[in-house]
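Asker: One structure coming up, written as structure tokens, with questions to follow.
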Amino acid sequence: MPEPIRAAVADQATALDWLTGFALRMRSEPASETILSTVDSAIQETFPHFLADAELRGEVRAATRAHWLSFLTVVGHTRFEARPPTEAVDGARTVARRGYGVDILLKTYRAAQRGLWRYITHVLNEQIPDSELRGVVLVTFWERSTLWLDSCLDDIVAAYLNEREHRIHDSDAHRTATVQAILHGEPAPTADSPDDLGHPMDDFQTALVLWTDGEVPARQATHLLREHATHLADWLGAPPPLLISSGTHGMWAWVGTPHRPETGHLPAPPTTHTHVAVGIPSPGVDGFRRSHLEARAAQRIATTASHAATVTAYQDVDLVCLLTGDGNIDAVRALVERELGELTERSEPVARLRDTVREFLYAGGSIAATADLLGVHANTIRYRLHQAERRMGHQIERRRVHIELALRCLEIYGDELLPAP
């Protein structure tokens, strides 16, 4: 790369003075949020699926924030030194733990650099009317931001490679690879199989996604999450859970129980800086995948809400998840099976019961109006509704919105959403 153009000493001093004032203004919360949102957008444009992961998105945001605030403290200094913040090193370790290549790490930083460059060019055009000074400031900022990135990346890549090497030789890596294969519906690696996990895969699987806030030190976070996951398994009457580290501040867990456990009132974590998202218990390997996807969806809701709850159960936010980005045909099929229970049987009498419940809900819960719509006696409607509730295992009014949504989806997709005969 050609040597950057150097400004005259006097001009450089003026540029550093301007950058010092700029740094003081930009350290405010609103100003920092603006630049960080711009950088997030640039990364999102390059890796739309990468930031769909709530935990990774949090790690990336923590790293970019720490980089930006650290850079601002030295950008106007005559003696300029670059040191990678702890959050950036932790983020690199998380990328390695998730199995992403080092190229993804580097491209993420380059995308962030492009977003920063676009933003700063716009700001300088607005705030410095003197074109000569603007040019000097632009060159100085470019030189220093590039030096910062290049210097920090050496340590960040080293942290990534060390973590990757550790994972390759660590027995946890084999377990993680097996779990990842199961989650993706792929054959397990030859070194392991689902049976080798030491986890009761045929039981009901309750997936947990646990994480801590960024202010908890990484080493302490792992201990806290492992301890709380084990506590939850014990609370559910289960053996120790299957645990997989998902990042420096995150952990995935599965609790296996012979019977469907009640997860509606799980105990809260010991500190407000620790959080857990809970999937709906489902049996077998398919339940292992499904419950995990649900826990991840619940985590997304928890981390994007204004105040993250300490416990977020998918069964409490499932409709919000479906409406805000986690919906697919499999999630809808799970909703239908879960809400309608034995009312999903493929038979003409049961289909008639479903139609009656649907019309009853469309009629605003009026038995008389439903009877008129279907052309039968009101007592017939009462009998059918009673039979439907018996098959579902609960009263219609308890889950009215969920049941109506399930029936509307069935109306559109038809028998495709019903369990295989």
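All of the numbers you see were taken from the coordinates with simple rules; none came from a lab. Just so we're clear, the structure is a prediction, and the values are computed from it rather than from any experiment. Here the Cβ positions follow ideal geometry from the backbone for every residue, glycine too, while neighbour counts run over all protein chains shown.
Asker: How do 377-383, 350-356 rank on mean C-beta neighbours within 10 Å, highest first?
Answerer: For the peptides 377-383, 350-356, the packing ranking is 350-356, 377-383.
Asker: Still on this structure: Hey, with R₀ at 45 Å, roughly what FRET efficiency would V401 and R25 work out to, going by the Cβ-Cβ distance, to 0.05?
Answerer: Approximately 0.40, to the nearest 0.05.
Asker: On a full-extension model of 0.36 nm per residue, what is the gain between D213 and T86, subtracting their alpha-carbon distance, rounded to one decimal in nm?
Answerer: Here the answer is 44.3 nm.
Asker: Right, something else. Figure the gain on full extension for I412 and N125 (residue separation times 0.36 nm, minus the Cα-Cα span) and round it to one decimal in nm.
Answerer: My answer for the length gained is 98.0 nm.
Asker: Quick check: pseudo-label points 7 Å beyond the Cα along Cα→Cβ at R79 and E186, how many nm apart are they?
Answerer: 5.0 nm
Asker: Under a Cβ-Cβ cut-off of 15 Å, what is the net charge of the residues other than H275 that fall near it, where Lys and Arg count +1 and Asp and Glu count -1?
Answerer: Residues close to H275 contribute a combined charge of -2.
Asker: Treating the angle as unsigned and between 0 and 90°, give the value, to the nearest 10°, between the Cα long axis of helix 378-392 and the longest Cα principal axis of the chain.
Answerer: Once rounded, the angle reads 50 degrees.
Asker: Per-residue counts of other Cβ atoms within 10 Å, averaged by peptide: what ranking do you get for 11-18, 252-259, highest first?
Answerer: 252-259, 11-18
Asker: For a quick check of your reading of the filter: which chymotrypsin sites (Phe, Trp or Tyr not before Pro) in the range 73-111 sit in a DSSP loop and have no more than 16 other Cβ atoms within 10 Å?
Answerer: F80
Asker: Put +1 on the Cβ of each Lys and Arg and -1 on the Cβ of each Asp and Glu in the chain; which of A363, G58, H231 then has its Cα farthest toward the positive end of the dipole?
Answerer: A363
Asker: Can you tell which of A369, A233, A406 shows the greatest fluctuation in a Gaussian network model of the chain with Cα springs below 10 Å?
Answerer: Maximum fluctuation in the GNM of the chain, among the listed residues, is at A369.
Asker: What net charge is computed for the residues neighbouring L116, neighbours being all others with C-beta under 12 Å from the C-beta of L116, Lys and Arg scored +1, Asp and Glu -1?
Answerer: Summing Lys/Arg as +1 and Asp/Glu as -1 gives +3.
Asker: Shifting gears a bit: With runs of 4+ DSSP H residues as the only contributors, calculate the mean residue ellipticity of the chain at 222 nm using -39,500 (n - 2.57) per run, divided by the residue total and rounded to the nearest 500.
Answerer: -21000 deg cm²/dmol
Asker: Within 15 Å, Cβ to Cβ, of T263, how many net charges do the neighbouring residues add up to if Lys/Arg are +1 and Asp/Glu are -1?
Answerer: Result for the local shell: -3.
Asker: Loop-only check: which GluC sites (Glu not before Pro) in the range 390-421 are DSSP coil with at most 10 other Cβ within 10 angstrom?
Answerer: Sparse-neighbourhood loop GluC sites (Glu not before Pro): none present.
Asker: Round to the nearest 0.05 the FRET efficiency obtained for Y383 and I329 when R0 = 35 Å and r is the Cβ-Cβ distance.
Answerer: The formula returns an efficiency of 0.55 here.
Asker: A follow-up question, please. Which whole-number percent gives the relative contact order of the chain, counting Cα pairs below 8 Å spaced six or more residues apart?
Answerer: Contact order relative to length: 12 percent.
Asker: On the Cα set of the chain, report Rg and Dmax in Å, please.
Answerer: For the chain, the Cα radius of gyration and maximum Cα-Cα distance read 27.2, 95 Å.
Asker: Something else about it: Given R₀ = 25 Å, FRET efficiency for V157-E45 by Cβ-Cβ distance, to 0.05?
Answerer: The calculated FRET efficiency here is 0.65.
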